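Please read the structure below before turning to the comments.
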Amino acid sequence: MSWLEDLGTYLQTNSIGTLGSSIFYENFDSSVINSVILIAQAGPAPSTTLGNTMTLRKPELGIRVRNSDDSTAHTKAESIFDLLNDTYNTTIGSTRFKSIRAIADPFFVGQSKNDSYIYSINFAVRIG
Amino acid sequence: MTKEHIDTTLSTVSIDGTVIEGITPGSLPFSKPSRDKKEVTTNKDTVRRYGMKLLEPGEASFQGIYIPNDPGQLALKTAADGLAEHTIQINITEAGIIYEYQAFVATFYQSEEDENTLMFNCDLIVTGGFSKTTTSAAITSIECAAVAVAYSPSTANSALAASANDVIIMETTGITTDTVKVTAAAASYIGISYDGGTTWSQLTSATAAPFSATYWPAAGSLAKALIKVMETNKATRFVNLFIVRA
């Protein structure tokens, strides 16, 4: 299971939604308005030590929250922010996260064509 | 002639034969030597004349991720607390080149890197010159006097492999003293240290010397010593020697 899938499962465990029903990876499901997606985004290059004995991967995690109600979308985005931000030295699923830190507060992206509201939260992730 | 970049990523840095883990790539501790001129003008000269002063070997620094239990970093800390010279080796694995010099560990201290990672920093004062070699000093064997002991590697007492960095001597029950005999005919210096390389006692090739009674292990325990063999135009070789008592 990838680090992204580990976090997807973690969101489900913490009642953010249900995988395959309201939590998806990479793309929104066109048939589900009220949903959350997790995106593995590019971050800085991994750092390593001499001899490649210790490698720290540095991807970024993008989360988009979509809901037909603006307030609900915002509240769920805040819940995810509170759940993941400032996580240190924690093993989630099969991945050891050295840290998960928000890059910024949750912010409003805009309204989609079906008049739903989308919020975005982005995290700097350190794995190693 | 092959022309290619030599990558240093897989290189190692060691102090007295103990590899230091966690070092940040790009910080291999090469010192920057310098040399000043001196005036040697005489009364007969019409312009100034200069000679060269001795080469100043300089200083080196390196840093890395702090690993509290890493033997190499522990050796750096111990060295920084003392005033002894130590052997620093930079092994450029990809090119098969070993750079070696003697240095004092001036400081070993922690800092925080911008990824909120605890780092170590080390400053070295180089004394003497660099050597650049491709092979290490040769050691024929390391053995003890007691009979019926077991060696690991099993041929350590007759033909020690060039790649062997550890020798374990398992004493039989009841043995309370023993000797160490290192055979290295071409060596310019052979030494044994019981304190991780801080102080050394000189050995003679193919001549047995008592293992220190101070450090001789109690029954059921083990003791560790460090063997150092130096040879002209070769990298100094270090072997960990473990004495295990039944």
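The values are calculated or read from the model by the stated rules, or taken from the named source; none is laboratory data. None of the values given here were measured: they were computed from a predicted structure. Cβ sites come from the backbone with ideal geometry, for glycine too, and all protein chains shown count toward neighbours.
Considering the conditions (1) of a type in the set (A, V, I, L, M); (2) free of Cβ contacts under 8 Å to residues at least 60 places away in the same chain; (3) more than 14 Å from chain A (Cβ to nearest Cβ); (4) surrounded by 20 or more Cβ atoms within 10 Å (Cβ to Cβ), B:Ile65 is excluded by exactly one of them, (3).
The set of residues in the stretch B:181-199 being among the small types (Gly, Ala, Ser), under 23 Å from B:Ala79 (Cβ atoms) and out of contact with any Asp or Glu (no Cβ under 8 Å at 6 or more places or on another chain) consists of B:Gly191 alone. A:Ser71 meets the stated requirement of being farther than 30 Å from B:Ser27 by Cβ, modelled with pLDDT of 95 or more and among the small types (Gly, Ala, Ser). B:Glu100 meets each of the listed conditions (1) in a loop (DSSP other than H, G, I, E, B); (2) surrounded by 18 or more Cβ atoms within 10 Å (Cβ to Cβ); (3) acidic (Asp, Glu) apart from (1).
Tally the residues that are within 26 Å of A:Thr55 (Cα to Cα) and of a type in the set (Gly, Ala, Ser), restricting the search to the stretch A:105-128. Result for the stretch A:105-128: 2.
Residue under question is B:Lys44, and the condition is that it be in contact (Cβ under 8 Å) with a residue 24 or more places away in the chain and exposed (fewer than 11 other Cβ atoms within 10 Å of the Cβ); does it hold? No, not satisfied.
Is it the case that B:Glu4 is within 14 Å of chain A (Cβ to nearest Cβ), assigned to a loop (DSSP other than H, G, I, E, B) and of a type in the set (Asp, Glu)? No; evaluated as a whole, the condition is false for this residue.
Put simply, of B:Ser131, B:Ser111, B:Ser154 the only residue that is exposed (fewer than 12 other Cβ atoms within 10 Å of the Cβ) and in a strand (DSSP E or B) is B:Ser111. Any residue at all in the stretch B:67-84 that is touching a helix residue (DSSP H, G or I) at 6+ places or on another chain (Cβ under 7 Å) and either in a strand (DSSP E or B) or within 21 Å of B:Lys32 (Cβ to Cβ) (or both)? No, the stretch B:67-84 has no match at all. The residues of the stretch B:19-35 that are of a type in the set (Ser, Thr, Tyr) and more than 14 Å from chain A (Cβ to nearest Cβ), listed by number, are B:Ser31, B:Ser34.
If B:Lys38 passes every condition in (1) in a strand (DSSP E or B); (2) within 11 Å of chain A (Cβ to nearest Cβ); (3) without any contact (Cβ under 8 Å) to a residue 40 or more places away in the chain but one, which one does it miss? Every listed condition holds for B:Lys38 apart from (2).
Checked against the criterion of being away from chain A (no Cβ under 14 Å), touching a Gly at 6+ places or on another chain (Cβ under 8 Å) and either of a type in the set (Lys, Arg) or within 22 Å of B:Ser193 (Cβ to Cβ) (or both), the stretch B:48-59 has no qualifying residue.
Answer with yes or no whether A:Thr53 is of a type outside the set (Asp, Glu), within 14 Å of another protein chain (Cβ to nearest Cβ), without any contact (Cβ under 8 Å) to a residue 40 or more places away in the chain and in contact with a Ser or Thr (Cβ under 7 Å, 6 or more places away or on another chain). The answer is no for A:Thr53. Within the stretch B:7-18, the set of residues being within 22 Å of B:Glu85 (Cβ to Cβ) and more than 8 Å from every other protein chain (Cβ to nearest Cβ) comprises B:Ser14, B:Ile15, B:Asp16, B:Gly17, B:Thr18.
Okay, residues lined up against (1) buried (at least 18 other Cβ atoms within 10 Å of the Cβ); (2) in contact (Cβ under 8 Å) with a residue 24 or more places away in the chain; (3) under 21 Å from B:Pro153 (Cβ atoms):
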| site | (1), (2), (3) |
| --- | --- |
| B:Tyr189 | no, yes, no |
| B:Gln202 | no, no, no |
| B:Ser221 | no, yes, no |
| B:Thr232 | no, yes, no |
| B:Asn240 | no, yes, yes |
| B:Val244 | no, yes, yes |
